[in-house]
């Protein structure tokens, strides 16, 4: 069969028809073309950005102009957020702690209290877990970090001045910090405070040896579940036996401290990162398992659209080496008053 070929006249007619179709399409969509985001035009002129990702739009202040995601896309991103924030089945050994575990977020033997990936009203901000009295009232890097973050991040430029002189408090007793964090897992702040007050009444000295002496039955009488009492007693035994390098934590790398802490029953990565922030005052901790942080990034940088851990990490790359400070202000944007229990 012979193959038809286009003659010069046919090719010319084809080009003319295509040009007319393009002109017609442009006429119909003129308003849409004119409404293209200004940020996209700037990026195109610059020629340096090959891909205008949601993170880049958020960091450049263009998130408010981004088109709304289709329902299917929203559902897909919500699913990704859940898969990246630790949501999953509840281990059988935790079922005696609270009835709402099936809806909370599990982290290696711990549950972040009252955090749900897509529930505006129920995303909690991690509390400042701590000991008896603050040993450090203001981290020595805080002012420098704030000044640096204000210069480089458009959101923090607004948030940091908004909250005035409030700042992170460092607490001094490692055992008490960790014990209180275990007590506070899976329950509300008010319930954690009440339980801890009962523990203080039963064990006024709040030292590991006294907890071991107190025993499981008396701890359970304070309102703690059997599983939590086991966790706290295991923690106390680690301190008493000298298995932990407590005296070296201040000089150890972040990941080394996390690795040591997560060997203790009931202490997962989230609790270890909270310890790094609130006890050791480490300046560059990014707790990506914390749904309060994920939610704050979503609200502040993505107009409330769900974000993945990967996208949150991209945003936070602009905060280094002060990710602790930026995270603290992200929490404050959800709850202006730092909670101490």
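Once both labels are positioned 7 Å from their Cα atoms along Cα-to-Cβ, the gap between residue 60 and residue 318 label points is 1.1 nm. Relative to one another, the C-alpha centroids of the stretch 138-173 and the stretch 265-341 are positioned 13 Å apart.
With each label modelled as a point 7 angstrom along the Cα→C-beta vector, the residue 256-residue 197 pair spans 4.1 nm.
Available extension along the chain between residue 144 and residue 166 is 6.4 nm, counting 0.36 nm per residue and deducting the alpha carbon span.
For the stretch 189-257, the alpha-carbon coordinates run over 37, 27, 22 Å along the three principal axes, in decreasing order. Temperature 20 °C, viscosity 1.002 mPa s: under these conditions the Stokes-Einstein estimate for the stretch 237-341, based on its Kirkwood radius over C-alpha pairs, is 144 µm² per second.
The alpha-carbon atoms of the stretch 134-334 define a convex hull whose volume equals 127 cubic angstrom per residue.
Quote the FRET efficiency, to the nearest 0.05, computed for residue 188 versus residue 335 with a Förster distance R0 of 22 Å and r equal to the Cβ-Cβ distance. According to the calculation, E is roughly 0.95. Taking label positions 7 Å along the Cα-Cβ direction at both residue 209 and residue 154, the computed distance is 5.9 nm, reported to one decimal. Over the stretch 134-334, Cα pairs under 8 Å with separation of 6+ residues give a relative contact order of 23 percent. Neighbour counts of other Cβ atoms within 10 Å put 140, 148 in the fewest-to-most order 140, 148.
Any idea what the alpha-carbon Rg over 2.2 N^0.38 Å comes to for the stretch 136-223? Taking N as the residue count of the stretch 136-223, the ratio is 1.55.
Ranked for footprinting exposure by Cβ neighbours inside 10 Å, fewest first, 323, 309, 227, 295 give 309, 227, 323, 295. Between residue 245 and residue 303, residue separation times 0.36 nm minus the direct Cα-Cα distance comes to 16.5 nm.
Where a number appears in this text, it was derived from the coordinates with a stated rule and is not lab data. Predicted, not measured: the structure shown is a model, and the values here were computed from it. Quick reminder, even Gly has a Cβ in these numbers, built from the backbone with ideal geometry, and neighbours come from all protein chains shown.
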